[in-house]
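Derivation of every value follows stated rules applied to the coordinates shown; laboratory data play no part. Source: prediction; values computed, not measured. No Cβ is skipped: glycine too gets one built from the backbone with ideal geometry, and neighbour counts run over all protein chains shown.
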Amino acid sequence: MSSATVSRRACAGSLAALTLAAVAVGCGETTNEVPARPMAAASTPATPAVVTRVPAAQAATFALLRTAPEGLPPAIRQTLRTPIAGMNYALAQRIPAPAAGRYWLVPGRGYLCVVSQTPDTAGVGTVCSKTAQARTSGVATTSIPRAGQNAPVTGPRLIVGVAPDGARAVIVHTRGKIAVARVVDGLFVRRDDSVDPPDRITVRR
Amino acid sequence: MSFSSRRLMPMLVGAFGALAVILLLALSSPAAKASPFCGGQTVSPNNPCYGAARALNGVNGYGDSHSVCVGADILAGPCSSGPGQIATMNLGFTYTGAPWIADNASGPTVVHGDTF
């Protein structure tokens, strides 16, 4: 009986000590912490308040934004955490692009963004264009599969984007060369062997 | 309680506890904090700007006059499609490495990057 009591005390003592040790270690900074996103950092544009509805200028120019939003899936929101550029994840529109990966058009405050999850890029990617620029040139994300910067390209360049209403095609300018992508239902997809992202994209109406 | 069980219980508890501590240590890493890199530097094509290695959850970047690609070490994020567009790579986990921002377009551009 006495030995059993000692044994339980020993167990309890060990548990308490180990729990304290674990808590002490766990009190350090861990990957589970939600980091603060840069708020008005000098290096990137300020992070404005999240929009509560699709900005009129964006809705007037992009048919996709005039349909019921699907919103970003929870797993994508979890990865993105705090929105940049005032993006409202609930207003995200799935871009039904005939390409590998998943894409969403997400309205922001003064910005229109494409959120993407592709096999060729790490994590979740976001490209945000100012609304005025998006209204004239559309907004697109480019993935170039390679194992890091300066590593050889391992697959075709993939550009997925949304064009403004009335666009028939977009012209992709890359290092003095141009390539044309047809716009279908407001979307464009371009796969080619270029190893560079576009300098710019212009719209043909 | 027998002699063997008296000895066995603390050993088991100790072993499980040690395992828990080891797991916590393995999963622990410095938290990512907002931290700029390459701010205002002029980057020429195919000559990316690297920031100092750090703990990061993602990388933001944009170029004043050209599109850019962002990443960290061997992790490649998306590329923007024009000047002023923000390209962001969100990893969803903490990674310790050197962030980069690359201008792959024609001609140099001033770039701005930060990690979070």
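Annotations for the structure displayed:
- Under 5 Å from the amide H of A:D199 lie the amide H atoms of A:H173, A:T174, A:R175, each residue being 5 or more positions distant or on a separate chain, with H modelled from the backbone and absent for Pro and chain starts.
- Taking every C-alpha pair closer than 8 Å and separated by at least 6 residues, the mean separation divided by the residue count of segment B:35-115 gives a relative contact order of 47 percent.
- Average other protein chain Cβ within 10 Å of Cβ, residues A:191-197: 4
- Sequence-ordered 3J(HN,Hα) estimates for segment A:168-180 from the Karplus curve with 6.51, -1.76 and 1.60 and θ = phi - 60° stand at 9, 7, 10, 10, 9, 9, 9, 6, x, 9, 10, 9, 10 Hz, glycine and proline given as x.
- Centre-to-centre separation between the Cα atoms of segment B:26-97 and those of segment A:43-120: 20 Å.
- J(HN,Hα) series, segment A:53-67, from Karplus relation 6.51 cos²θ - 1.76 cosθ + 1.60, nearest Hz, glycine and proline x: 8, 5, x, 4, 5, 6, 5, 6, 10, 10, 4, 4, 7, 9, 10
- Compared with the alpha-carbon gap, the fully stretched path from A:A59 to A:R191 is longer by 44.7 nm at 0.36 nm per residue.
- Look at the dipole of segment A:47-204 built from charges on Cβ: of A:A60, A:I201, A:P156, the Cα furthest out on the positive end belongs to A:A60.
- Taking amide H positions as modeled 1.01 Å from N, with prolines and chain starts lacking one, no residue 5 or more places away or on another chain lies under 5 Å from B:L75.
- Here's the picture: charge each Lys and Arg Cβ at +1 and each Asp and Glu Cβ at -1 in segment A:62-131, and of A:V127, A:S116, A:N88 the one pushed furthest to the positive end of that dipole is A:N88.
- Placing unit charges on the Cβ atoms only, positive for Lys and Arg and negative for Asp and Glu, gives segment A:47-204 a dipole magnitude near 200 debye about its Cα centre.
- Rounded to whole Hz, the Karplus (6.51, -1.76, 1.60) HN-Hα couplings of segment B:44-52, x for glycine and proline: 9, x, 6, 9, x, 9, 9, x, 5
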